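Nothing in this text is a laboratory measurement; each read-out follows from the coordinates by a stated rule. Small disclaimer: the values here were computed from a predicted structure and weren't measured.
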Amino acid sequence: MNFNDLKINDDIKSSIEKIGYSQLTPIQERTIPLILKRLDVIGQAQTGSGKTIAFAIPILEKLFIPDNSPQAIILCPTRELSIQVANVIKQIAKPLGKIKVLEVYGGQSIGRQTRVLKKGVHIIVGTPGRVIDHINKGNLDLIGVETVVLDEADEMLDMGFREDIELILRHTPKQRQTLLFSATIPEDIKKIAKLYQKNPQFIKISDNKKTIPKIRQFLFKCSDESKIDDLACLIEYYDFNLWLIFCNTRHRVDFVYRNLKRRGFKVDSIHGDMTQKVRDKVMNKFRNGNISILVASDIASRGLDVSDVDVVVNYDIPINADDYIHRIGRTARAGAKGTAFNLVTPEESKYLVKIRKTHNFNVKRRKVPTISEIEYIKNKKIMGDVKQSVENDNLDNYIQVISASDISPVEIAAALLKMQREK
């Protein structure tokens, strides 16, 4: 199904097209028509399946811009996911007029958030704890809310937010539309749905191959001692623009970051012990291409969203199969192709075996490139650039210089190649 097939505002269609989306994902195709009819929905699909757009489009479609009070509230488990969701909504909303979207989360000045709320906001995206802070301080009135979204609901419940979620829901009108999106549907979510939703339509996208269809997965066997060297070899050999590398602990994140930085790579790191200001700064560098490699802990695996990540590397194999899904789902966003590399020690093999069996993944084995293979690929890349210059550039002046030399053109080319490689 194409976005143009939806019965929505032409400006929204145009905005979606500019962002680069054309075909709906399965969760979007099955839930958007229901949400547009103002039905309550439970949508079960993995991270990276396009859930944000599934609820963003209907919210924007029915927004009444002259009313400057909150008409929709979206609850997320983390600050990172709140920022991601808000950014998607802002992108789609650009041609619709002055739609005000505010992220509210801890780690950011509550005073600034309060000032924006006082001026008027159409859509709130935030973590339950900070939303309740604003309710208790009298900064946030949800009486005009028409739509409530619980995004990554299972994660919010795992983090102990159930009481907060129920308190927020009780501050919204009973006639609201309630949308619940989650990767899994445990009993606690069923209880919340029964209490706070009206005859919800249950949509399940259960086939993992559908939700992450174009991720090529590979494993590289190594020892823990050789792992950092092997990672450097992969980065030098494979021609990817943006690398996202996951580690299991903050200590490992710091170790990988320091070693890659020492080798001259454009790299930075992000983990849960950083302030929000530092995290935002690092993420902006990654999105803008100022760094090509980001080393992250699992704190970023759900909330981090960069549309052009070419490859995800599991430097450490996660113990939990769902964590693996969340990590590799950071690539192949919105139908694009993606790649996942797994550096696997003998001790970690059992975890990857379990993941492969659980999700029926085809993870192919490859060997870490040798030094000679890396040298060959680097020389080949330079020669490719040379060929492009020969075909496209005016080289007459340079040809005259070389023709007048008593050194053979082949020797000149070899020397220039050596100088280029060693600079």
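Expressed as an acute angle from 0 to 90° and rounded to the nearest 10, what is the orientation of the C-alpha long axis of helix 110-119 relative to the principal long axis of the chain?
Roughly 60 degrees between the two axes.
With everything on Cα atoms, drop me the angle between helix 10-19 and the longest principal axis of the chain, reported from 0 to 90° to the nearest 10.
Rounded to the nearest ten degrees, it is 30.
What is the projected area of the convex hull of the Cα atoms of segment 1-145, averaged over all directions, in nm²? Could you put the intermediate results ahead of the total?
Values: hull surface 34.1 nm².
Orientation-averaged projected area of the Cα hull: 8.5 nm².
Between segment 98-154 and segment 168-205, how many Å separate their Cα centres?
After rounding, the separation between the Cα centres reads 19 Å.
What 222 nm value per residue comes from the helices of the chain, counting each DSSP H run with n ≥ 4 as -39,500 (n - 2.57) and dividing by all residues, nearest 500 deg cm²/dmol? The partial results should precede the final answer.
Details: 18 runs with 194 residues, N = 423.
Taken over the chain, the calculation gives -14000 deg cm²/dmol.
Once Rh for segment 308-423 is found with the Kirkwood sum over Cα pairs, what is the Stokes-Einstein diffusion coefficient at 25 °C and 0.890 mPa s, in µm²/s?
Estimated via Stokes-Einstein, D reaches 133 µm²/s.
Could you give me the radius of gyration and the Dmax of segment 372-422, taking only the C-alpha atoms into account and expressing both in angstrom?
12.4, 36
Say the cut-off is 30 Å between C-alpha atoms; which of K364/K418; K337/K381; K337/K378 go over it?
As for pairs spanning more than 30 Å Cα to Cα, those are K364/K418.
Quick check: convex hull over the Cα atoms of segment 69-126, volume per residue in Å³, rounded to an integer?
71
Going by Cα centres, segment 227-289 and segment 384-420 are how many Å apart?
37
Among K214, K357, K266, which one moves the most in a GNM of the chain with springs linking Cα atoms closer than 10 Å?
Between K214, K357, K266, it is K357 that shows the largest mean-square fluctuation.
When every alpha-carbon pair in segment 140-286 is counted, what percent end up more than 24 Å apart?
Numbers: 6126 of 10731 pairs.
Value for segment 140-286: 57 percent of Cα pairs lie more than 24 Å apart.
How much length is gained if the chain between D393 and M419 is pulled fully straight, taking 0.36 nm per residue apart and subtracting their Cα-Cα distance, in nm to one decimal?
7.3 nm
Against the longest alpha carbon principal axis of the chain, how many degrees, from 0 to 90 and to the nearest 10, is the axis of helix 371-392 turned?
90
For volume of the Cα convex hull per residue in Å³, several values are listed as [x] 173; [y] 125; [z] 144; flag the one computed from this structure.
Given [x] 173; [y] 125; [z] 144, the structure-derived one carries the label [x].
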